[in-house]
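The values are calculated or read from the model by the stated rules, or taken from the named source; none is laboratory data. Since the model is a prediction, treat every value here as computed from it, not as a measurement. The area values use the complete protein model at the heavy-atom level, side chains included, leaving out ligands, DNA and RNA. Shrake-Rupley method; radii C 1.70, N 1.55, O 1.52, S 1.80 Å.
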Amino acid sequence: MTRPGGVPGLVERVEAHGETTLIVEPSRLLEAAAYLRDEEGFRFLSDLTPTDYLGWGEQGVAGYIGTPQGRDINHPMTQGLARLPQPKRKRFSVSYHLLALETAAPRVRLQVWVDDGEPVPSVVSIWPTADWHEREAWDLMGIPFEGHPNLKRILMADDWEGHPLRKDYPIGGEPVRFSEEE
């Protein structure tokens, strides 16, 4: 699968946790996607996942450490990881999870990195199912997809301000009225 140097715009190939990630330049995304579909047989886009890495690694990473007795979620621990995570290329990643519909069903993740406001070429012409995936990424994360045939909100109201899954989205919100209240 994916001959070395065969994927147009390939920046890096990462093999980790039993998964293959092919990182490509955003400007070459359409070429890379067409190559993976036509030459390597990845005809099925199962998902498109945007991730916001705002503040990644700035204050370290803390988490829970489990013990044989379990962990008390009411008293979080702050031991954190033994090492800091690697810095990220840019603020956002957009990952395309691809599947080849053949024996053993090989999978690959095609990935691009962009900064805030930097457009990603739409892959709707290559995988039509990307239509709603890209609209969702725009609606919730604010990642623009250049050349998308209908890039508008899909989940939030048309007059909604901002993109609620971004890490810089203000937390707090509006009071919620319940049916029992008058």
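Structure summary
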quantity	calculated
So His133, is it closer than 24 Å to Leu110 by Cα, within 13 Å of the chain's Cα centre (by Cα) and at pLDDT 95 or above	yes
All positions within region 34-52 that are open to solvent by 50 Å² or more (accessible area, probe 1.4 Å) and assigned to a loop (DSSP other than H, G, I, E, B)	Glu39, Arg43
Counted residues, region 56-105 - those being at pLDDT 90 or above, outside any loop (DSSP other than H, G, I, E, B) and more than 19 Å from Glu19 (Cα to Cα)	1
Complete set of residues in region 108-128 that are closer than 14 Å to Leu48 by Cα and within 16 Å of the chain's Cα centre (by Cα)	Val108, Arg109, Leu110, Gln111, Val112, Trp113, Val120, Pro121, Ser122, Val123
Restricting region 106-142 to residues that are part of a loop (DSSP other than H, G, I, E, B) and among the small types (Gly, Ala, Ser), the residue that is most open to solvent (accessible area, probe 1.4 Å)	Ser125
Residue in region 16-33 that is nearest to Tyr96 (Cα to Cα), counting only those that are open to solvent by 30 Å² or more (accessible area, probe 1.4 Å) and at pLDDT 95 or above	Leu30
